Amino acid sequence: MSLSPIIPYGRQSIDETDIQSVIETLTSDFLTQGPKVAEFEENFAEYVGSKYAVAVSNATAGLHLAVLAMGLKPGDRVITTPITFAATANCVRYAQGEVWFADIDPETYLISFEKTKELIESKSKGFFKGIIPVDFAGLPINLEKFRRLAKEHGLWIIEDACHAPGGFFTDSNGEKQFCGNGNYADIGVFSFHPVKHIACGEGGMLTTNDEKLYNRLLLLRTHGITKDGMEENHGGWYYEMQELGFNYRLTDIQSALGITQLVKNNEGVLRRNEIAERYKTAFKGKLKYQALPDESWNAHHLFVVEVENRKGLYDFLKENNIFAQIHYIPVHTLPYYKRIGYDNADLNNALRYYSKCISLPMYPSLKDNEQNFVIEKMLEFNE
Ligand SMILES: *Cc1c(COP(=O)(O)O)cnc(C)c1O
């Protein structure tokens with residue numbers, strides 16, 4: 001019996017141009033803080049349509065800087081979704097804030113607008129400081145609606161767009177709003193972990209249209225240190241540490257990879273949507289999958305379906321060398337969040353979703369015959 005090679009749920013695509021780009025940087029004068037970082041930032045801002053972009057060492061660091069830039073103080077309360085990677089919530093805890101969860105929509109799996117509104121309106125004005133919605137699985141949040149709500153209540157919005165470079169929704173003016181373009185959210189956050197669309201090994205990007213936020217992010221990324229405009233008065237060596245910042249920088253080596261990866265993103269998103277369509281055709285009327293609102297273009301980091309016997313299916317697929325994954329264990333049920341008292345919220349849609357969800361292989365280099373094999377095994381198990 002010949003075992004088929006492992007089919008993971010996600011993987012990077014590295015080609016010769018990526019390899020050459022990294023090699024060129026390795027033999028250049030700069031391994032970090034050189035021209036590649038700035039070039040990557042410029043290209044990325046242009047790609048998503050934001051004014052500014054700040055490259056960071058990973059999206060978790062980016063989320064941390066984002067909440068600090070928004071001015072999060074100890075005790076401040078922030079709303080997010082329970083169906084996300086823990087880092088979305090953890091950034092609030094890094095700054096000693098409180099995380100509050102609003103339930104998901106059972107069809108789109110995104111944080112529910114209605115539940116978020118209910119939660120905000122159940123408290124007095126000023127109770128919450130911000131919202132961190134997530135473009136879960138690559139499906140863009142309709143941020144126009146969230147912005148209206150946030151404005152009414154004086155909240156900021158950080159868009160966790162880690163799943164969604166290249167995704168967009170069409171707003172009420174008929175304009176395409178690309179994830180992280182900064183038109184409705186204050187800051188967008190992206191990840192370049194190899195399992196996401198764009199691989200840098202580790203890496204992340206923050207996007208914004210607000211010059212003040214941009215400058216604050218730059219400062220916090222590099223220890224809170226700046227030399228801007230100081231040379232004339234003090235000498236070339238002089239710098240000031242104006243705040244307690246971090247070293248959350250991306251290297252030129254990683255940026256060189258990011259630059260060539262970014263060029264291929266649209267093609268990758270198209271291929272991801274092709275794969276999604278093939279899954280949908282095969283599962284229509286048999287299995288429930290993530291809904292696609294009319295106004296949305298899903299960047300498809302993931303393809304999630306709901307099944308009754310999830311553990312059985314997960315093991316069965318694994319026996320067939322298909323390594324599916326579960327996204328995500330609801331954050332409020334993780335031991336840390338339970339221990340600090342978050343496991344009391346009414347998040348029934350998230351719990352129901354978690355009991356059934358499974359993410360199937362979804363990446364541009366997935367071959368049709370590999371996908372056919374996945375579909376065949378899925379239908380065989382769920383017959
Ligand atoms: C991957 C991910 C992160 C964290 O990204 P890193 O670059 O690994 O730190 C944050 N939020 C979401 C939704 C993610 O999927």
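Nothing in this text is a laboratory measurement; each read-out follows from the coordinates by a stated rule. Fair warning: this is a prediction, and the values are worked out from it, not measured in the lab. All Cβ positions, even for glycine, are placed from backbone atoms using ideal geometry, and neighbour counts span all protein chains on display.
So if I place +1 on the C-beta of Lys and Arg and -1 on the C-beta of Asp and Glu, and nothing else carries charge, what would the dipole magnitude of the chain be about its Cα centre? I want it in debye, nearest 20.
For the chain, the charge dipole is close to 1140 debye.
For the charge dipole of the chain, defined by +1 on Lys and Arg C-beta atoms and -1 on Asp and Glu C-beta atoms about the Cα centroid, which residue among Tyr342, Ile322, Thr84 has the Cα displaced farthest towards the positive pole?
Result: Tyr342.
Distance in nm between label sites at Glu376 and Lys176, each 7 Å beyond Cα in the beta-carbon direction?
Those two pseudo-labels are separated by 3.7 nm.
For Lys284, list the lysines whose Cα falls under 19 Å from its own Cα; do not include residues on the same chain fewer than 8 positions away.
The reachable lysines, counting only those whose Cα sits under 19 Å from Lys284, are Lys356, Lys377.
Helix 35-48 sits at what angle to the longest principal axis of the chain, using alpha carbons and giving 0 to 90 degrees rounded to 10?
In the chain, helix 35-48 runs at an angle near 60 degrees to the longest axis.
Can you spot the lysines whose alpha carbon is less than 16 Å from Lys73's alpha carbon? Ignore those fewer than 8 places along the same chain.
By straight Cα distance, Lys73 reaches Lys129.
When you count, for each residue, the other Cβ atoms within 10 Å and take the mean per peptide, how do 142-148, 166-172, 179-185, 27-33 rank with the highest first?
Ranking the peptides 142-148, 166-172, 179-185, 27-33 by packing returns 179-185, 166-172, 142-148, 27-33.
With point charges of +1 on the Cβ of Lys and Arg and -1 on the Cβ of Asp and Glu, referenced to the Cα centre of the chain, which listed residue (Ala66, Leu351, Phe146) lies farthest in the positive direction of the dipole?
Leu351
When the helices in the chain are scored as -39500 (n - 2.57) per DSSP H run of 4 or longer and the sum is shared across all residues, what 222 nm value do you end up with, to the nearest 500 deg cm²/dmol?
Estimated from H runs of four or more residues: -11500 deg cm²/dmol.
Round to the nearest 10 and give me the degree value, 0 to 90, for the angle of helix 211-221's Cα axis relative to the longest principal axis of the chain.
90
Hey, got the dipole for the range 305-383? About the Cα centre, +1 on K and R Cβ, -1 on D and E Cβ, debye to the nearest 20?
400
Can you tell me the dipole magnitude for the range 1-51 around its Cα centre, using point charges on the Cβ only (Lys, Arg +1; Asp, Glu -1), in Debye to the nearest 20?
300
Remind me, relative contact order of the chain in percent, using alpha carbon pairs under 8 angstrom and six or more residues apart?
It rounds to 23 percent for the chain.
Report, in whole Å, the centroid distance computed from the Cα atoms of the range 346-383 and the range 226-261.
The distance from the Cα centre of the range 346-383 to that of the range 226-261 comes to 43 Å.
With the contact rule set at Cα under 8 Å and sequence spacing of 6 or more, what percent relative contact order holds for the range 120-179?
For the range 120-179, the relative contact order is 35 percent.
What Kirkwood Rh does the range 63-148 have if only Cα atoms enter the pairwise 1/r average? Answer in Å.
Taking every pair of different Cα atoms in the range 63-148, averaging 1/r and inverting gives 13.2 Å.
If one computes the Cα centroid of the range 263-314 and of the range 137-187, what distance in Å separates the two points?
Going from one Cα centre to the other spans 21 Å.
Once you wrap a convex hull around the alpha carbon atoms of the range 208-348, what is its projected area averaged over all directions, in nm²?
With the hull built on Cα positions only, its mean projection is 15.6 nm².
For the chain, modelled as a GNM with alpha-carbon contacts under 10 angstrom, which of Arg11, Arg216, Arg352 fluctuates the most?
In the Gaussian network model the winner is Arg352.
What does the convex hull of the Cα atoms come to per residue for the chain, in Å³?
Residue-normalised Cα hull volume stands at 153 Å³.
For the ranges 72-85, 150-163, what's the packing order if you count other beta-carbon atoms within 10 Å of each residue, average per peptide, and put the highest first?
150-163, 72-85
Calculate the length of the line joining the C-alpha centroid of the range 28-81 to that of the range 189-210, in whole Å.
Result: 8 Å between the Cα centres.
Taking 7 Å along the Cα-to-C-beta vector as the label spot, tell me the Glu152-Thr281 distance in nanometres, rounded to one decimal.
Label-label distance for Glu152 and Thr281, simple model: 4.3 nm.
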